[in-house]
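S.K.: I'd like to ask some things about the structure below.
Each reported figure results from applying straightforward, stated rules to the coordinates on display, with no laboratory input. Everything quoted here is computed from the prediction, not taken from an experiment. Ideal geometry is used to build each Cβ from the backbone, glycine not excepted, and the neighbour counts take in all protein chains shown.
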Amino acid sequence: MNIAIDGPAGAGKSTIARIVAKKEGSIYVDTGAMYRAMALYFMENKISPDDQKALEEALAEVDISISYRDGVQHILLNGEDVTDRLREETVGNMASATSVNAKVREKLVALQQKLAKTASVVMDGRDIGTVVLPDAEVKIYLTASAHTRAVRRYEELKNKPDASNLPSVEQIEADIKDRDYRDMHREHSPLKKADDAVEVDSSDLTIEEVVERILEISASKKAN
């Protein structure tokens, strides 16, 4: 059984998907991390998100793979483990800007679909239920208010070793709203709720409550 979890940035998709995968005995695939790894390559090679030709030419030089050590997913960029660098705000913004490119998405979607054909997966992202895994047995649209997501992100950044340049909640919220707009209005595979997805608003729910809700939906699908 494949579970697709879509939703805007900061809704808690990755955290929830990891827990759900563990409880379901499935493989967790963080598609956002794959896009961030691609974005990191572009940044390191000083490729502008506006330079479509350079972006597409660079794809031939990029290899992104997933490995698991002690049950933890690691993202490898051309053989190098870059997992710890992918949560940087600049990388996330670059990923949002470059993921609108059709060729970038094509390369990564092919890998994601291949993974889902070989094992039961829990996959989260922006277009999993609509594009990547349109036949997934369970589809969840996980969301939360922009302010709630900004506060969560602020708390996450505040606890990092280097919090000297910590942006305000207001700055993070403005950035989140901007990313939401880009994700929802991009030409290729825009963020939207699949017609057969169940919406779960996590604004006022604990992680445990969200997980339980998704597991209930999964169990109902299995029963049918």
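S.K.: Taking 0.36 nm per intervening residue step and subtracting the Cα-Cα distance, what contour gain separates Val169 from Lys221 on full extension?
M.R.: Additional length available on full extension: 14.9 nm.
S.K.: Ranked by Cβ crowding within 10 angstrom, fewest neighbours first, how are His185, His147 ordered?
M.R.: His185, His147
S.K.: Continuing with the same structure: Which FRET efficiency value, to the nearest 0.05, is calculated for Ala60 and Asp196 with the Förster distance at 25 angstrom and r the Cβ-Cβ distance?
M.R.: Efficiency computed from Cβ-Cβ geometry: 0.10.
S.K.: Just subtract the alpha-carbon distance of Lys22 and Thr118 from 0.36 nm times their residue separation and send over the number in nm, one decimal.
M.R.: So the extension gain works out to 32.8 nm.
S.K.: List the lysines whose Cα lies under 26 Å from the Cα of Lys221, skipping any in the same chain that are fewer than 8 positions away.
M.R.: Hits, sequence-local ones excluded: Lys13, Lys22, Lys23, Lys114, Lys117, Lys139, Lys192, Lys193.
S.K.: What do you get when you divide the Cα radius of gyration of the range 159-224 by 2.2 N^0.38 Å, with N the number of residues?
M.R.: In units of the 2.2 N^0.38 Å rule of thumb, it is 1.58.
S.K.: Among Asp204, Asp6, which comes first, second and so on when ranked by fewest other beta-carbon atoms within 10 Å?
M.R.: Listed from fewest to most nearby Cβ atoms, that is Asp204, Asp6.
S.K.: In the range 30-79, which trypsin sites (Lys or Arg not before Pro) are in a loop and have at most 15 other Cβ atoms within 10 Å, using DSSP for the loop call?
M.R.: When the trypsin sites (Lys or Arg not before Pro) of the range 30-79 are filtered for loop state and at most 15 Cβ neighbours within 10 Å, Lys46 remain.
S.K.: Checking the a/c ratio against 1.5 first, then a/b against b/c, what shape does the Cα gyration tensor give for the range 88-221?
M.R.: Judged from the Cα gyration tensor, the range 88-221 comes out oblate (a/c at least 1.5, b/c at or above a/b).
S.K.: Return the percentage of antiparallel bridges among DSSP beta bridges fully within the chain, rounded to the nearest 5 %.
M.R.: Among the beta bridges of the chain, antiparallel pairing accounts for roughly 35 percent.
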